[in-house]
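A quick write-up on the structure given underneath.
Please treat every number below as a calculation from the coordinates, not as lab data. Nothing here was measured: the structure is a model prediction, and the numbers come from that model. For neighbour counting, all protein chains shown are included, and Cβ atoms are generated from backbone atoms with ideal geometry for every residue, glycine included.
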Amino acid sequence: MSAHIQKYRNRAQTRLDTAPLREFTARFATAEEIENWDKHVTANPNGGNMLQSAAYASVKNGKGWKVRFLVLESGGNASYNLVLERNFPVLGRLWYLIKGPDLADAADLEPALEACAQFVRSRKLNVFTIKVEPDIIDSDEARRDVAAAGLVKAPNIQSNDSTALLDISGTEEEVFKAISSRARNAIRRAEREGCQVVRQEQGPETYRALYDLMANTVNAKGSMPLRSYDYYERFWDEFCNRGQGNFFFAYEDGKPSVGAFVINYGAKATYKDGGSTQNRKQYGDSHLVQWAAIRRMQELGCTEYDFCGTPPAARIKDKTHNLYGMGMFKTSFTKTVTDFVGCHDSVLSPLRHRLWVKGGEKVFRRIETARTRQQFY
């Protein structure tokens with residue numbers, strides 16, 4: 001079981017429903033806090049998320065979004081959260097707390113978001129909606145807390161709002177025994193047949209090799225949209241320049257056949273990008289690439305490995321789901337699919353939010369996509 005899941009279960013068992021809500025305040029981060037942003041984010045209640053990182057802030061800043069660094073405080077404890085902001089004609093500003101807010105308990109959503117609302121009003125920031133997607137595991141109790149916070153369900157944005165999480169806090173032997181016999185057999189066979197995994201340094205040659213493999217997979221399976229090469233080049237650069245990006249490749253007939261980009265951020269590892277050629281002769285090469293990445297993440301001090309995207313638990317065996325194939329591969333390492341509560345809107349202006357959901361978002365997304373040929377979020 002993932003430590004992330006166990007942590008929430010322990011809280012649910014010990015939490016008293018009659019406990020008073022904690023009080024929160026909100027503010028922008030200081031220059032010193034921004035300078036040391038990753039240190040603060042990885043100390044958050046849930047260890048932060050790579051999409052709240054300084055690297056990701058650099059990727060998004062100025063690309064249609066303005067980056068804000070928000071601090072939520074309660075009882076001497078702080079949570080550091082990345083905010084992506086867009087300003088729209090008539091509607092005003094949209095705030096997107098990507099993979100946030102990072103809170104100790106779902107019950108903190110209501111007071112934390114009220115603090116955000118008070119803050120934006122006091123600063124006259126003209127925010128009409130705060131879009132949130134906290135890494136809070138979906139449950140009946142969590143849904144009650146989401147409802148108590150007055151949140152309105154919105155379409156999920158990030159691919160890992162349902163995902164496969166693997167606890168890698170044990171020894172290499174313990175983790176290997178914990179994965180399925182299917183994955184173990186694939187790894188052993190690939191090793192017996194001489195398949196090797198190569199770690200490669202950042203740079204144009206590595207980037208192009210992985211991007212081509214990703215494009216090959218998307219063209220063959222159409223499972224997820226692919227952004228432009230320029231986007232990935234900047235993304236990979238930003239994480240690698242901070243020592244948080246890792247490339248792994250398997251080769252067949254002297255050419256890259258499987259590739260993966262894995263991020264180490266605090267105690268969390270994330271299999272962010274990957275691709276492969278089709279109709280390969282080597283069996284188990286993709287499993288071996290993941291196993292090499294897992295072992296490297298253990299060396300870097302990570303205790304959790306996020307395979308980053310599966311169908312929801314209820315649809316993991318649904319062959320019509322666009323992530324079915326990925327889900328089958330990823331759950332060969334960990335059978336548990338973790339569903340988070342997903343994306344919700346905290347509505348500050350009901351009228352403007354209604355305009356947004358009734359067509360405003362669709363119009364602005366279409367305009368932005370036509371103008372930049374990039375994804376909106």
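Measuring between their Cα centroids, region 283-328 and region 121-161 lie 26 Å from each other. Applying the criteria of a DSSP loop state and at most 16 other Cβ atoms within 10 Å to the GluC sites (Glu not before Pro) of region 138-233 yields E193, E201. Just to be sure I understand: with springs between alpha-carbon atoms less than 10 Å apart, which residue in A57, A43, A220 has the highest mean-square fluctuation in the Gaussian network model of the chain? Of A57, A43, A220, the most mobile in the Gaussian network model is A220. In sequence order, region 295-304 has phi-based couplings of 5, 5, 5, 4, 4, 7, x, 6, 10, 9 Hz under the Karplus curve 6.51 cos²θ - 1.76 cosθ + 1.60, θ = phi - 60°, and Gly or Pro positions carry x. Taking amide H as placed 1.01 Å from N in the peptide plane, G100 has its amide H under 5 Å from the amide H of E133, each at least 5 places away in sequence or on another chain. The gain in end-to-end length when the S122 to Q200 segment is fully stretched comes to 23.2 nm, 0.36 nm per residue minus the alpha carbon separation.
Using C-alpha pairs under 8 Å with a sequence gap of at least 6, the mean separation divided by the residue count of the chain gives a relative contact order of 21 percent. Computed over the chain, the per-residue total of -39500 (n - 2.57) for DSSP H runs of n ≥ 4 gives a 222 nm mean residue ellipticity of -11000 deg cm²/dmol, rounded to 500. Basic side chains Lys and Arg get +1 at the Cβ, acidic Asp and Glu get -1 at the Cβ, and with that the dipole of the chain about its Cα centre reaches some 1240 debye. Rg/Rh for region 162-338 stands at 0.93; both radii use Cα atoms, and Rh follows the Kirkwood definition. Net length available on complete extension from E368 to Y283 is 26.4 nm, with 0.36 nm assigned per residue and the Cα-Cα distance removed. Where the alpha-carbon atoms of the chain are placed on the principal axes, they occupy 64, 51, 44 Å, in descending order. Among N77, N160, N44, determine the one that fluctuates most according to a GNM of the chain built with springs between C-alpha atoms less than 10 Å apart. Between N77, N160, N44, it is N77 that shows the largest mean-square fluctuation. Mind telling me which of G170, G194, G76 comes out most flexible in a GNM of the chain, alpha-carbon contacts under 10 Å? For the chain, modelled as a Gaussian network with Cα springs under 10 Å, the answer is G76. At an R0 of 56 angstrom, the distance between the Cβ atoms of S181 and E35 translates into a FRET efficiency of 0.70. Taking region 147-175 and a reference point 7 angstrom along Cα→Cβ of N322, the backbone N atoms nearer than 17 Å belong to 155-163. Counting lysine pairs in region 215-321 that sit 8 or more residues apart in sequence, or on different chains, and whose Cα atoms lie under 19 Å apart gives 5. Could you tell me how many degrees, from 0 to 90 and to the nearest 10, lie between the Cα long axis of helix 109-122 and the main elongation axis, the longest principal axis, of the Cα atoms of the chain? So the inclination is approximately 60 degrees.
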